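Some notes on the structure that comes next.
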Amino acid sequence: MSELLDRARAVAVSFLRERAGQGVVPAAKALYDLAGEIAPLPRCLEQELQGGGGQLRDAARTVGALGLRGVALAPVLREALSSPEDETTPALDKDTEVAEAPWCVTAEADEAVAVLDSVFCRAGRNPWPRWSVVRASRTATLFGFAGRPLAASPPRRR
């Protein structure tokens, strides 16, 4: 039985390696999870982040999950941010996901705080993105004290 499982695993790994080589992010993630092969994953994630496709938020989340192994993708994450004029809910949500990834990779909050500040400012100009603000607020709490600049100033007493 063990021999059969080993053969099935080898076939699966071979298939995943081939698909990861074609840039398929889920295959590269599965290859990493199953066999510990990380090399194709950053390449696939970079393509996904640069392509700006519908899976960009998932790609950013995966980069964050890689921790220090994803540090080389930090510049690509920066490039994936939305335009400062884009106030749509998808753009705000995407930028929130993209902001969290560098924090997970580098543990430096300055850049992530700046991105979330941009999300809050853009959301303030649009009456619809209430849930985007909630998601950005939850992300800001991950930064602990480093996220303090995002807190509203307390009202001044006279």
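The values are calculated or read from the model by the stated rules, or taken from the named source; none is laboratory data. No experiment lies behind these values; they were computed from the predicted model shown. Note: ideal-geometry Cβ built from the backbone for every residue, glycine included; neighbour counts use all protein chains shown. Just the protein is used for accessible areas: all its heavy atoms, side chains included, with ligands, DNA and RNA removed. Shrake-Rupley method; radii C 1.70, N 1.55, O 1.52, S 1.80 Å.
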Worksheet item: Any idea what log10 I(q)/I(0) is at q = 0.23, 0.25 Å⁻¹ for region 83-158, Debye with uniform C-alpha scatterers and no solvent?
Response: -0.99, -1.12
Fill in: Gain upon complete extension [Asn126, Thr106; 0.36 nm per residue less C-alpha separation]
4.1 nm
Discussion item. Give me the base-10 log of I(q)/I(0) for region 2-41 at each q in 0.15, 0.18, 0.22, 0.23 Å⁻¹, Debye formula, one uniform scatterer per Cα, rounded to two decimals.
Written reply: -0.30, -0.42, -0.58, -0.62
Item to complete: Determine, from the Cβ-Cβ distance of Arg9 and Gln55 and an R0 of 22 Å, the FRET efficiency 1/(1 + (r/R0)^6), rounded to the nearest 0.05.
Response: 0.25
Worksheet item: Order of 120-131, 67-78 by packing, highest average Cβ count within 10 Å first?
Response: 67-78, 120-131
Worksheet entry | Heavy-atom accessible surface of the chain: percent carbon and sulfur, 1.4 Å | 55
Practice prompt. At most 16 other Cβ atoms within 10 Å plus a DSSP loop assignment makes a site exposed; report the longest stretch of the chain without any exposed GluC sites (Glu not before Pro).
Written response: 109-158
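Write down Rg/Rh for the chain, rounded to two decimals, with Rg from the C-alpha atoms and Rh from the Kirkwood relation over Cα pairs. Display every interim value, and only then the final one.
On the way: Rg = 18.9 Å, Rh = 17.0 Å.
Reported Rg/Rh, Kirkwood definition of Rh: 1.11.
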Worksheet item: Between Ile38 and Ser83, what FRET efficiency comes out of the Förster formula 1/(1 + (r/R0)^6) with R0 = 30 Å and r the beta carbon distance, rounded to 0.05?
Response: 0.40
Worksheet item: How far is it, in nm, from the label point at Ala151 to the one at Met1 when both lie 7 Å from their Cα along the line to the Cβ?
Response: 5.7
Item to complete: Would you kindly calculate the translational diffusion coefficient of region 49-132, applying Stokes-Einstein with the Kirkwood radius from alpha carbon pairs, for 20 °C and a viscosity of 1.002 mPa s, and quote it in µm² s⁻¹ without decimals?
Response: 169
Item to complete: Would you list the membrane-span-like helices of the chain, meaning whole DSSP H runs whose alpha-carbon atoms span at least 20 Å along their axis and whose mean Kyte-Doolittle value is at least 1.0?
Response: none
Practice prompt. Mind checking the full-extension length gain between Arg17 and Val71? Use 0.36 nm per residue of separation minus the Cα-Cα distance, one decimal, nm.
Written response: 17.2 nm
Worksheet item: So what does Thr96 come to for accessible area, using a 1.4 Å probe and Å² rounded to 10?
Response: 10
